[in-house]
1. For B:ALA46, are the conditions met, namely being touching a Leu at 6+ places or on another chain (Cβ under 7 Å), more than 19 Å from B:ALA122 (Cα to Cα) and within 14 Å of chain A (Cβ to nearest Cβ)?
2. Specify the residue that is farthest from B:LEU96 (Cα to Cα); the eligible residues are those in region B:117-159 that are of a type in the set (Ser, Thr, Tyr) and at the interface with another protein chain (Cβ under 9 Å from one of its Cβ atoms).
3. Considering only region B:1-50, state which residues are assigned to a loop (DSSP other than H, G, I, E, B) and over 24 Å from B:LEU135 (Cα atoms).
4. If I filter region B:47-103 down to residues being of a type in the set (D, E, K, R) and surrounded by fewer than 17 Cβ atoms within 10 Å (Cβ to Cβ), which single residue comes out as nearest to B:ALA163 (Cα to Cα)?
5. Those residues that are crowded, with 18+ Cβ neighbours inside 10 Å and more than 10 Å from the chain's Cα centre (by Cα), I need them from region B:28-40; list them, please.
6. Please tell me if A:THR125 is in a strand (DSSP E or B), more than 14 Å from chain B (Cβ to nearest Cβ) and buried (at least 16 other Cβ atoms within 10 Å of the Cβ).
7. Quick one: in region B:59-86, of everything that is of a type in the set (A, V, I, L, M) and under 13 Å from the mean Cα position of the chain (by Cα), which residue is nearest to B:GLY160 (Cα to Cα)?
8. Looking at (1) under 21 Å from B:GLY125 (Cα atoms); (2) without any contact (Cβ under 8 Å) to a residue 24 or more places away in the chain; (3) touching a helix residue (DSSP H, G or I) at 6+ places or on another chain (Cβ under 9 Å), can you tell me which one B:SER36 breaks?
Amino acid sequence: MKHSVPDLPPGRPKADPSSPGAGEDREPASPPFLDRGQGGMHTHSLRELLAQAAGAGHVPWRTLLKPGDWLLLLAAGVLVATSYPLLWRGGTADRAIVKRDGQVVTELALNVARKYEVTGAIGTTLIEVQPGRARVLSDPGPRQYCVQQGWLTRANAVAICAPSHVTLQLAGRGGRNEAYDTLNY
Amino acid sequence: MTRSTIELPVTADDYRIARYAAAAIALTVAEAALPSPLPGIKPGLANIIVLVVLARYGWRDAAWVSLLRVVAGSLVIGQFLAPGFFLALSGALCSLAVLALAQHLPPRFFGPVSASVLAAFAHIGGQILLARAWLVPHDGVFYLVPLFATTALVFGAINGLVAARLLAMPAAIPVAAPAAPKGAS
């Protein structure tokens, strides 16, 4: 019972594998991924995937983006851009808090240059304030750590002159002081 | 030298998930070799596979692939139960939760790129929240949010484009189970 199939083009494999016509041409009737044998299958997925991903211009990239995608990318970009000033604004300080033994001695606004003397446990500590920054100018402490720290510019930065029990701390706009739970001697 | 062997019934679903998970794990391992300027900033190439699986086989398979990738990938690179593992797990769970919602976006307007970007943000969000709650119990981690968000946007878009392109080629990845799984365990 040998018959050809006249109504199909000669190059195309026939869909029905039970028909004798399909056995004549060797091309697989099923999709190629279903027709693979057992060997080497597991090595194929990644290699093919990478090859396909690198393969040049099957589909133009911009056709892969739908209108909603553009919209979402735009919204996400705006959101990300606004997150920079929003989250990095906390760095600016607007006042300096001087404490002795944990008690606030004075609060100095950081908009005018001035100097302030505070009497500590072992002598006089001199605080210098300039617009946007503050420092311990001099301190009688033996190791001068708080003096060598130099200018403090960011909110919640702190210089501690431990021997004289004096701290200089900058505070930000929020008015909250949550950087440290507590500062003690 | 056990006499009895335990035969676990392996379905075609299992083979498919295992194959995709293997591709995802390979990408995880390859990516672990890339230098990163900051812990947590990496392309997340394995998520391409998750997106492809989500689009082709639905959320359940995507969840399997994603979580298998996290567990097995961390085993391979020696990070299992290390902090990085929990960060990755937290990120994967969050992004799966978001993908569960994102898959209901109207497909006419939203493609894989939207899903990818949303999942990338969820990924980084889950990691930062866990880091804040557990590893770095201080609000200072949120200073890194803009950087993480930027990389999430960039890599989310790129991964989404790659996934969209893979999805545009129906036979890019073999999906069938081996014909006769002899001796497979």
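1. When the stated conditions are applied, B:ALA46 does not pass them.
2. Filtering region B:117-159 for residues that are of a type in the set (Ser, Thr, Tyr) and at the interface with another protein chain (Cβ under 9 Å from one of its Cβ atoms), the one farthest from B:LEU96 (Cα to Cα) comes out as B:TYR143.
3. B:MET1, B:THR2, B:ARG3, B:SER4, B:THR5, B:ILE6, B:GLU7, B:LEU8, B:PRO9, B:VAL10, B:THR11, B:LEU45
4. B:ARG56
5. B:GLY40, the sole residue that qualifies.
6. For A:THR125, the condition - in a strand (DSSP E or B), more than 14 Å from chain B (Cβ to nearest Cβ) and buried (at least 16 other Cβ atoms within 10 Å of the Cβ) - is met.
7. Looking at residues that are of a type in the set (A, V, I, L, M) and under 13 Å from the mean Cα position of the chain (by Cα), I get B:ALA62.
8. (3)
Just so you know, all these numbers are worked out from the coordinates, no wet-lab data involved. Quick caveat: nothing in here was measured; it's all calculated off a predicted structure. All Cβ positions, glycine included, derive from the backbone under ideal geometry; neighbour counts span all protein chains shown.
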